[in-house]
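Below is one structure; the comments refer to it alone.
The values are calculated or read from the model by the stated rules, or taken from the named source; none is laboratory data. For clarity, every value in this text was computed on a predicted model and none was experimentally measured. Note: ideal-geometry Cβ built from the backbone for every residue, glycine included; neighbour counts use all protein chains shown.
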Amino acid sequence: MTRVDFYVLENSDDKAAMQFVCRLAEKAYHLQHSIYIHTDNSQVSEQLDQLLWTFKQGSFIPHAIFNSDAAAAGPVVIGHDHEPEENTEVLINFSPRVPEFFSRFERIVELVAGDDASRNLARERYKFYRDRGYALETHNLPG
């Protein structure tokens, strides 16, 4: 069954959240998992695409943005408006909504920023998963 982990960040800064997404993707990549990072729009997808190349000196995470014109393949795929075609193990949800295709992943990572609006949206996602019987874990991270 799909496992859902909520990572609660004290910092509400978007850059800090994106850095954390990159660190999670790097960790999952080194564990040889296939990863899909779901964002809310093309701008965020492009920002993450750039940051994955530069967030840490010496780091290499092969990745691509998925779009309707050409399916992206590789261990890390970033997308915002299409369901990934490849089977992937880890979904990093960097969107305020639960993607419709969430249940095909073995593990879902949900990020919760420190501001009230983000926390309220995360509570709704938490209830969504809980009400459907998914295994939930919460991890509070210091700023």
Go through the residues of region 60-75 one by one and say whether even a single one is of a type outside the set (Phe, Trp, Tyr) and under 11 Å from the mean Cα position of the chain (by Cα). no
Those residues of region 8-37 which are under 23 Å from residue 116 (Cβ atoms), in contact with a Phe, Trp or Tyr (Cβ under 7 Å, 6 or more places away or on another chain) and in a strand (DSSP E or B) amount to 9
Hits in region 100-123 - residues which are surrounded by 12 or more Cβ atoms within 10 Å (Cβ to Cβ) and assigned to a helix (DSSP H, G or I): 102, 103, 104, 118, 119, 121, 122, 123
Can you find a residue that is without any contact (Cβ under 8 Å) to a residue 24 or more places away in the chain, within 20 Å of residue 24 (Cα to Cα), among the hydrophobic types (A, V, I, L, M, F, W, C) and assigned to a loop (DSSP other than H, G, I, E, B) anywhere in region 67-75? yes
Any chance residue 38 is within 16 Å of residue 90 (Cα to Cα) and in contact (Cβ under 8 Å) with a residue 60 or more places away in the chain: yes
Scanning for something surrounded by 14 or more Cβ atoms within 10 Å (Cβ to Cβ) and either at pLDDT 95 or above or in a helix (DSSP H, G or I) (or both), does region 52-59 turn up at least one residue? yes
State yes or no: is residue 74 surrounded by 13 or more Cβ atoms within 10 Å (Cβ to Cβ) and on the phi > 0 side of the Ramachandran plot? yes
Residues of region 132-143 that turn out to be under 17 Å from residue 107 (Cα atoms), surrounded by fewer than 13 Cβ atoms within 10 Å (Cβ to Cβ) and not aliphatic (A, V, I, L, M), as a count: 4
